[in-house]
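*Asks:* Shown below is the structure under consideration.
The values are calculated or read from the model by the stated rules, or taken from the named source; none is laboratory data. Owing to the predicted nature of the structure, the values given are computational and were not obtained by experimental measurement. Glycine also receives a Cβ, built like all others from the backbone with ideal geometry; neighbour counts cover every protein chain displayed.
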Amino acid sequence: MVDPQALEEERRLMYVALTRAKEQLYLFAASERYNFGSYSANPLSRFAKEIPEEFREEVHAKQDIFGQK
(Lines give C-alpha, C1' and ligand atoms only; values in the text may rest on other atoms or scores of the structure.)
Protein backbone atom coordinates (compact mmCIF):
# COMPACT_ATOMS: atom_id res chain seq x y z
CA MET A 1 0.00 0.00 0.00
CA VAL A 2 1.18 3.52 -0.78
CA ASP A 3 1.89 5.90 2.09
CA PRO A 4 -0.64 8.78 1.71
CA GLN A 5 1.92 11.36 2.87
CA ALA A 6 4.53 10.15 0.36
CA LEU A 7 1.92 10.20 -2.40
CA GLU A 8 0.88 13.75 -1.51
CA GLU A 9 4.53 14.87 -1.47
CA GLU A 10 5.07 13.34 -4.92
CA ARG A 11 1.98 15.17 -6.19
CA ARG A 12 3.17 18.46 -4.66
CA LEU A 13 6.63 18.15 -6.24
CA MET A 14 5.11 17.48 -9.66
CA TYR A 15 2.82 20.50 -9.28
CA VAL A 16 5.76 22.75 -8.37
CA ALA A 17 7.76 21.53 -11.38
CA LEU A 18 4.85 22.04 -13.77
CA THR A 19 3.89 25.48 -12.51
CA ARG A 20 7.44 26.90 -12.37
CA ALA A 21 8.33 25.98 -15.95
CA LYS A 22 8.36 29.10 -18.13
CA GLU A 23 8.30 27.66 -21.65
CA GLN A 24 9.39 24.03 -21.54
CA LEU A 25 9.76 21.38 -18.89
CA TYR A 26 12.02 18.36 -19.17
CA LEU A 27 11.29 15.39 -16.94
CA PHE A 28 13.87 12.63 -16.75
CA ALA A 29 13.44 9.17 -15.29
CA ALA A 30 15.60 6.08 -15.23
CA SER A 31 13.82 2.85 -16.14
CA GLU A 32 15.83 0.98 -13.54
CA ARG A 33 18.05 1.78 -10.56
CA TYR A 34 21.09 0.12 -9.10
CA ASN A 35 20.60 -0.01 -5.36
CA PHE A 36 22.44 -2.07 -2.74
CA GLY A 37 24.08 -4.33 -5.31
CA SER A 38 21.10 -5.11 -7.54
CA TYR A 39 18.96 -3.53 -10.23
CA SER A 40 15.29 -2.81 -9.69
CA ALA A 41 12.52 -1.27 -11.80
CA ASN A 42 12.02 2.46 -11.40
CA PRO A 43 8.58 3.32 -12.81
CA LEU A 44 7.71 6.80 -14.04
CA SER A 45 5.69 8.93 -11.64
CA ARG A 46 1.96 8.31 -11.87
CA PHE A 47 1.52 12.08 -12.13
CA ALA A 48 3.81 12.39 -15.15
CA LYS A 49 1.64 9.79 -16.87
CA GLU A 50 -1.41 12.03 -16.33
CA ILE A 51 0.00 14.81 -18.55
CA PRO A 52 -2.06 14.79 -21.79
CA GLU A 53 -0.25 13.34 -24.80
CA GLU A 54 -0.51 16.57 -26.82
CA PHE A 55 1.70 18.28 -24.22
CA ARG A 56 4.47 15.70 -24.01
CA GLU A 57 7.04 13.90 -26.08
CA GLU A 58 8.57 10.70 -24.77
CA VAL A 59 12.13 9.82 -25.71
CA HIS A 60 13.61 6.49 -24.68
CA ALA A 61 17.40 6.21 -24.56
CA LYS A 62 18.67 2.66 -24.83
CA GLN A 63 22.24 3.33 -23.78
CA ASP A 64 23.70 3.39 -20.33
CA ILE A 65 25.10 6.92 -20.18
CA PHE A 66 26.51 6.82 -16.65
CA GLY A 67 28.39 3.56 -16.45
CA GLN A 68 28.67 -0.06 -17.40
CA LYS A 69 26.23 -2.73 -16.31
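*Asks:* I need every pair where a residue in the range 1-29 that is more than 15 Å from Phe55 (Cβ to Cβ) has its Cβ under 7 Å from the Cβ of a residue that is at pLDDT below 90, sequence separation at least 6 or different chains.
*Replies:* Short answer, once both residue conditions are applied: Glu10/Ser45; Glu10/Phe47; Arg11/Phe47; Ala29/Asn42; Ala29/Leu44.
*Asks:* While we're looking at this one, here's another question. Condition check: out of contact with any strand residue (DSSP E or B) (no Cβ under 9 Å at 6 or more places or on another chain) and at pLDDT 85 or above. Does Gln24 satisfy that?
*Replies:* Answer is yes for this residue.
*Asks:* Select from the range 5-22 the residues that are surrounded by 12 or more Cβ atoms within 10 Å (Cβ to Cβ) and not aliphatic (A, V, I, L, M) and list them in ascending order.
*Replies:* Glu10, Arg11
*Asks:* (1) modelled with pLDDT under 85; (2) surrounded by 10 or more Cβ atoms within 10 Å (Cβ to Cβ); (3) of a type outside the set (Asp, Glu): which one isn't true of Lys69, the others all being true?
*Replies:* (2)
*Asks:* So which residues in the range 27-49 are of a type in the set (A, V, I, L, M, F, W, C) and in contact with a strand residue (DSSP E or B) (Cβ under 9 Å, 6 or more places away or on another chain)?
*Replies:* Kept after step one, since they are of a type in the set (A, V, I, L, M, F, W, C), are these residues of the range 27-49: 27-30, 36, 41, 44, 47-48.
Ala41, the sole residue that qualifies.
*Asks:* Give me the residue from the range 1-34 that is of a type in the set (S, T, N, Q) and part of a helix (DSSP H, G or I) and, out of that set, farthest from Arg56 (Cα to Cα).
*Replies:* Gln5
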